[in-house]
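Okay, structure first, notes after.
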Amino acid sequence: MKIKNILTACLVCCGFAVAFTSCSKDDEPYFSANENDAPRILNTDIPEGKGGEPGEIANIERTTNFKFEVIATPVNYTTVTWYLDDQLIYEGNEIDMPLLAGNHTLKIVATTTKGLSTYRICKLVVRPAEGEYPLTIEDAAGTRWGCGMCTVSNDAYVDPGIKETVLWEGGVDINWGDANVFLSAEEMANVPVGATVRLVYEMIDAEYHALRVTNQDWSSDIVPQVDGLDAIPSPYEFTYTADHKAIADEKGMLVTGFGYKLTKVTF
């Protein structure tokens, strides 16, 4: 009789234990957190960064929406916000939206009603789809300016190189009035206003190094004398203005100075 009572008591205790533990689900531990607890982002599919660089959370095409769901605790007291390149783009646990092409930094922030927060930072790559796209630039005031169309392609990139027109090429040790390079008004007529004129040179042993660009009779400078040319990397470049063109179109352009070898003039 005593053994039967003991067995009955054990079964009753076990029944209470089963009834007690069945109120909580192992796969939903965050429901037990309250508003005073620190927030946690429970996702295991958010990649860890390496070497100081954030992990890549997604790599998608421009035509595909970015979709992701964040599991945060305490679930009833936490708001999730999404920042793309420091700009707020969405609020809520589950995001599903198109994004501009580019290599972006995504910051996911979980904040409780008590003001406690935690975050994860990831890299988000949005690849441009093939096609024609309008190209715009934005100035410091936030105004956008159209720059025509560009073509996005998966074809192998071919570097077009620097396109330039050679006005003169050779090798002259520049020495003021004794050795200079002169380009006639006819040769300079094809240089448009706004072009970048490049003077390619090498240093030679000399007491000093100076450059001057003027006209045929030295009466009007295009580039006033530049001293310390040895400290300026070749090529020396300047923007060809309307004033420069007015001088050269009348009396040509003379490259002079001292202490360097001029090897090429281009635009």
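General observations
- Here each label is just a point 7 Å from Cα along the line to Cβ, and for Tyr208 and Tyr133 those points are 5.3 nm apart.
- Portion, in percent, of the accessible area of region 156-197 that falls on carbon or sulfur, probe 1.4 Å: 51
- Most simply put, the chain has about 95% antiparallel DSSP beta bridges, counting only bridges with both residues inside it.
- Structure-derived mean projected area of the Cα convex hull in nm² - corresponding label in [x] 27.8; [y] 20.6; [z] 17.5: [x]
- CD proxy at 222 nm, helix term only [per DSSP H run n ≥ 4: -39500 (n - 2.57); per residue of the chain; nearest 500]: -4000 deg cm²/dmol
- Solvent-accessible area per residue, Å², over region 52-131 with all protein chains present [probe radius 1.4 Å]: 56
- Cα-based Lys pair tally, the chain, threshold under 22 Å, eight or more apart or on separate chains: 9
- GluC sites (Glu not before Pro) lying in DSSP loop within region 180-262, provided at most 11 other Cβ fall within 10 Å: Glu207
- Calculated FRET efficiency for the pair Asn93/Glu35, C-beta based, R₀ 22 Å, to 0.05: 0.85
- Sparse packing (at most 16 other Cβ atoms within 10 Å of the Cβ) combined with a DSSP loop state is found for the following chymotrypsin sites (Phe, Trp or Tyr not before Pro) in region 157-230: Tyr157, Trp176, Tyr208, Trp218.
- Selected from Asn36, Leu135, Tyr236, residue furthest toward positive end of dipole (the chain; charges at beta carbon): Asn36
- For region 143-267, accessible area per residue (1.4 Å probe, heavy atoms of protein chains only), Å²: 57
- Taking 0.36 nm per residue of separation and subtracting the Cα-Cα distance, full extension of the segment from Ala101 to Asn43 would add 18.3 nm.
- Against the criterion of solvent-accessible heavy-atom surface with a 1.4 angstrom probe, Ser220, Ser117 sort, most first, into Ser117, Ser220.
- For Thr196 and Asp173, a Förster radius of 25 Å and the Cβ-Cβ distance give a FRET efficiency of 0.50, rounded to the nearest 0.05.
The values are calculated or read from the model by the stated rules, or taken from the named source; none is laboratory data. The model shown is predicted, which means the values in this text are computed figures rather than measured ones. Every residue, glycine as well, gets a Cβ built from its backbone with ideal geometry; the counts of neighbours run over all protein chains shown. Note: areas computed on protein heavy atoms with side chains; ligands, DNA, RNA excluded. Shrake-Rupley method; radii C 1.70, N 1.55, O 1.52, S 1.80 Å.
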